[in-house]
Amino acid sequence: MLAARVMTTAPHVVLGTGPLGLSVARHLASRGERVRVVNRAGRADVPAHVDVVAADLMDRAAMAEVCDGAKVVYHCANPPYARWPELHPPLMDAVIDGAASIGAKLVFGDNLYAYGPVDGPLTEDLPQQATGPNGRTRARIARALMASHEAGRVRASIGRGSDFFGPHARESTVGDRVFGRATKGKPAQLLGDPDVPHTVTYIDDFGRALVTLGADERADGRVWHVPCPETVTMRRFVEMVFRAAGTAPTLRAAPRWGLALASVFNPTLRAVREQLYQSERPWVVDSTAFERTFGWRATPLEDAIGETVRWFRQRAS
């Protein structure tokens, strides 16, 4: 249900109402926690007892106000994809200031761009060697957050996930282009090589993982890869999605030259091209450290796919 409510004190504040922020809010609400979510519009698809407030997260005074009374702040907000280098660093600075001003713990929902191209499984101890603007930006803001933790300004931890799918994850590379099209019997659209292994992340596991990091002191001061299901090729992933949808599996992989041509006129696609290495070579995420420390694993891939197909069908109807 869409809601816009008067702000009340809440120990959990979720910044951003994209798929990840909404997942965090659902998990907290299911545990009976008082939750406030923040976005520019003051409206979001959240459980009835979750407060939704409007604020400009780049405004440090507004950040201090919306964080007031919080014990944990979850940073799940993202500026427009093509403007990350310009907008992400000041956003992170404002979020750190807001959380630090009231002594709240800060948990950042991150992706894997900071590592750049890698050989072998992705683990948390890899160097951050991103080569493109968006990847370097993600590395920069993660370093800023960890530096603030080390300096004693704010308690912080980072949870990193791969390409995600699940409720509300429509703009992901495996959102509308795979699930949306499968439920309509249309060919899935992919980037890169569909026959290399590629780890994906179920959005509800990602949200649960950030809540876990927020509740456990062992998470502090570290980067964690959130639990991910078994890694398969994207061709196999598409086949599983279509089987769950009850439609015949077909896919189309966009050629690199086609994306290059389209990106001349589209700044978002230019930013997408930066990450093509993730779909052109094996991309296997190791989440062992999280699983061993916090004692739970990702939802089995088949179950997560089934839940996601059901969500897309409900939205279509």
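Couple of notes before you dig in:
- Summed residue charge, Cβ within 14 Å of E150's Cβ, Lys/Arg positive, Asp/Glu negative: +3
- Where labels lie 7 Å past Cα in the beta-carbon direction, separation of V232 and R218 in nm: 3.1
- Inter-site label distance for W296 and K71 at 7 Å from Cα along Cβ, in nm: 1.7
- For L191, the accessible area of its heavy atoms, probed at 1.4 Å with every protein chain present, is near 60 square angstrom.
- q = 0.11, 0.17, 0.21 Å⁻¹: log10 I(q)/I(0) that the Debye formula gives for region 136-242, counting C-alpha atoms only: -0.45, -0.86, -1.08
- With a cut-off of 18 Å on the backbone N, the residues of region 121-142 near the modelled label site 7 Å out from V196 along Cα-Cβ are 121-123, 129-132, 135.
- Pairwise FRET efficiency - Q189 versus E124, Cβ, R0 = 22 Å, nearest 0.05: 0.10
- Protection proxy ranking of 238-244, 308-314, by the mean of other Cβ atoms within 10 Å over each peptide's residues and highest first, is 238-244, 308-314.
- For K71, the lysines whose Cα falls under 16 Å of its own Cα, not counting residues fewer than eight places away in the same chain, are K105.
- Mean sequence separation of contacting Cα pairs (under 8 Å, at least six apart), scaled by the length of region 146-233, corresponds to a relative contact order of 40 percent.
- In sequence order, calculated HN-Hα J values of region 217-224 (Karplus, 6.51, -1.76, 1.60; Hz; x Gly/Pro): 5, 5, 7, 5, x, 9, 9, 10
- Expressed as a whole percent, the accessible area of region 105-247 that falls on carbon and sulfur atoms is 45 (1.4 Å probe).
- Helix 19-30 vs. the chain, principal-axis angle (Cα, 0 to 90°, nearest 10): 60
- Near K71: Cβ cut-off under 12 Å, other residues only, Lys/Arg at +1 and Asp/Glu at -1. The net charge is +2.
- Taking a straight line from the alpha carbon of K186, these aspartates and glutamates sit under 12 Å away, with near neighbours fewer than eight places off in the same chain left out: D176.
- Along principal axes, Cα extents of the chain, largest first, whole Å: 52, 43, 43
- Cα-centre dipole for region 67-178 with unit charges at Cβ (Lys and Arg positive, Asp and Glu negative), debye to 20: 140
- Computed over the chain: relative contact order in percent, which uses C-alpha pairs under 8 Å that are six or more apart: 17
- Unit Cα scatterers, Debye sum, region 78-153: log10 I(q)/I(0) for q = 0.12, 0.20, 0.24, 0.25 Å⁻¹: -0.36, -0.90, -1.14, -1.19
- Estimated vicinal HN-Hα couplings, Hz - region 103-119 in sequence order (Karplus 6.51, -1.76, 1.60; Gly, Pro = x): x, 8, 6, 10, 10, 10, x, 10, 10, 10, 4, 4, 6, x, x, 10, 10
- About the Cα centre, charge dipole magnitude for the chain (Lys/Arg +1, Asp/Glu -1 at Cβ), debye: 740
- Note on region 1-137: the C-alpha convex hull projects to 8.9 nm² when averaged across all orientations.
- Comparing K184, K105, K71 in a Gaussian network model of the chain where C-alpha atoms under 10 Å apart are linked, the largest mean-square fluctuation is found at K184.
- Taking the helices alone, the chain has a mean residue ellipticity at 222 nm of -12000 deg cm²/dmol, built from -39,500 (n - 2.57) per DSSP H run of at least 4 residues and averaged over all its residues.
- Between H49 and T288, full extension at 0.36 nm per residue minus the direct alpha carbon distance yields a gain of 82.6 nm.
- Gained length - R252 relative to A151, 0.36 nm times residue gap less alpha-carbon distance: 31.5 nm
- Helix 234-245 and the longest principal axis of the Cα set of the chain meet at an angle near 90°.
- Based on protein heavy atoms only, the chain ends up with 43 Å² per residue of surface accessible to a 1.4 Å probe.
- The candidates T299, T137, arranged from most to least accessible area with a 1.4 Å probe in the full protein assembly, appear as T299, T137.
- Ordering H149, H225 by accessible surface, largest first, gives H149, H225; the 1.4 Å probe counts only protein heavy atoms, with every chain in place.
The values are calculated or read from the model by the stated rules, or taken from the named source; none is laboratory data. These numbers were taken from a predicted model, which means no experiment stands behind them. Glycine also receives a Cβ, built like all others from the backbone with ideal geometry; neighbour counts cover every protein chain displayed. SASA here: full protein model, heavy atoms, side chains in, ligands and nucleic acids out. Shrake-Rupley method; radii C 1.70, N 1.55, O 1.52, S 1.80 Å.
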